[in-house]
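Taking it in order: structure first as structure tokens, then the write-up.
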Amino acid sequence: MSDSPKIALEIIALSPNVAQNHSYALILGEIDGERRIPIMIGAFEAQAIAVALEKITPSRPLTHDLMKNMMSLFEITLKEVIIDNMQDKVYYSKLVCEQNEKLIEIDSRTSDAIALAIRYECPIYTFDRILDQTGYSLEAKEGPEGKRIKKTDSPTADSETKEGANSFSNLSLSQLQERLTRHLEDEEYEKAAQIRDEISRREEKK
């Protein structure tokens, strides 16, 4: 592993890749800087990340939830994720885990590593050489006061679909909660995200 200082990253955005169907752009950025890393990921990986970001609880464990459950069973904790290499436009990452007070490094796809990092709420790091090689600088576009974007155009957060906010106007909060529960049980996470957003909007107006 590199001896250079680690640079902390956060998730800036997750949105569809307009240049390629069924792929998404995951943007990571320096917490204390303006450099950004764009990572192209598949729809399945995007959903795994979006579900965790949106704090949606699936009715049954998704793959990364299962991984976390298994790690917990064997008393393995994910301490941090490090994006430590990039070759041919592919990022390589390591999971830094701890078991019985011993640190273990495990190679991982970056999308899987980030999906787990969100679930463990652990830090994500990289190095200057990675940012210099593949990153770009950009004026902060994270919204007011530079806060991290959590609303995404991901597979679980599209309020402009047919079952948008307008279709919920005649439903009470209790009816929305019932629908939310049903969609989660049916693993319809996109619809669940739309209903959750509508519930949040109503609660903010109180």
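One table, with the values for the structure above:
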{"quantity": "Any hit, the stretch 157-178, residues being touching a His at 6+ places or on another chain (Cβ under 8 Å) and at pLDDT 65 or above", "calculated": "no"}
{"quantity": "Residues satisfying the stated conditions in the stretch 12-42, i.e. at pLDDT below 90 and more than 14 Å from the chain's Cα centre (by Cα)", "calculated": "17, 18, 19, 20, 21, 22, 23, 32, 33, 34"}
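The values are calculated or read from the model by the stated rules, or taken from the named source; none is laboratory data. Computed from a prediction, not measured in an experiment: that's the story for all the values here. Ideal geometry is used to build each Cβ from the backbone, glycine not excepted, and the neighbour counts take in all protein chains shown.
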